[in-house]
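**Student:** Sending over a structure as structure tokens; questions will come in a sec.
The values are calculated or read from the model by the stated rules, or taken from the named source; none is laboratory data. Computed from a prediction, not measured in an experiment: that's the story for all the values here. Quick reminder, even Gly has a Cβ in these numbers, built from the backbone with ideal geometry, and neighbours come from all protein chains shown.
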Amino acid sequence: MAIDVDQIKALIELMVGNDLSRLELRDGETHILMRRGQPVIATGLAPVPAPVMPAASPAAVATQPSGTPPAAAAPASNEVIIRSPMVGTFYVSAEPGAAPFVQPGSVVNPNTIVCLIEAMKVFNEIKAEVSGRVSRVLVRNAEAVEFDQPLFAIEPA
């Protein structure tokens with residue numbers, strides 16, 4: 001296989017221009033995998049103590065919007081966090097009204113699609129890249145996400 005440097009440069013510009021952290025292409029026997037940034041591996045993390053907060057009054061609790069996920073707690077020492085590889089909009093299913101790809105209790109393997117992230121009108125399938133059981137979904141459907149934002153907590157198998 002001859003390497004076309006101009007084609008590689010065009011792929012790099014595509015990644016940077018669309019804020020992609022991974023690009024994979026297959027064409028017959030040719031396979032190109034490009035990644036930007038450092039991989040984030042959450043294994044054996046020590047639990048971080050939660051800050052002590054004064055007790056909330058019933059009125060304060062009643063004013064919190066319903067449907068808001070609780071603040072993301074520190075991962076348990078056995079959890080692996082699936083993080084967003086890009087900036088975009090998080091979707092739990094392929095189309096509105098469809099069943100979510102995964103939910104708490106779902107068993108996943110490295111090739112399981114866990115969500116879609118839409119960036120620049122392109123829907124990117126996000127795979128678990130780990131085997132285990134979904135313990136928490138940390139983002140609401142149709143919510144904007146940032147690069148490296150925690151999306152799911154997984155209990156490894």
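**Student:** What are the residue pairs meeting all of these: first residue in the range 4-22, first residue assigned by TED's automatic domain parsing to the domain that holds residue 120, second residue in a loop (DSSP other than H, G, I, E, B), Cβ atoms under 6 Å, and 6 or more apart or on different chains?
**Tutor:** Hits for this filter: zero, empty list.
**Student:** Within the range 95-117, does at least one residue satisfy the condition of being of a type in the set (Asp, Glu) and within 14 Å of the chain's Cα centre (by Cα)?
**Tutor:** Taking every residue of the range 95-117 in turn, none turns out to be of a type in the set (Asp, Glu) and within 14 Å of the chain's Cα centre (by Cα).
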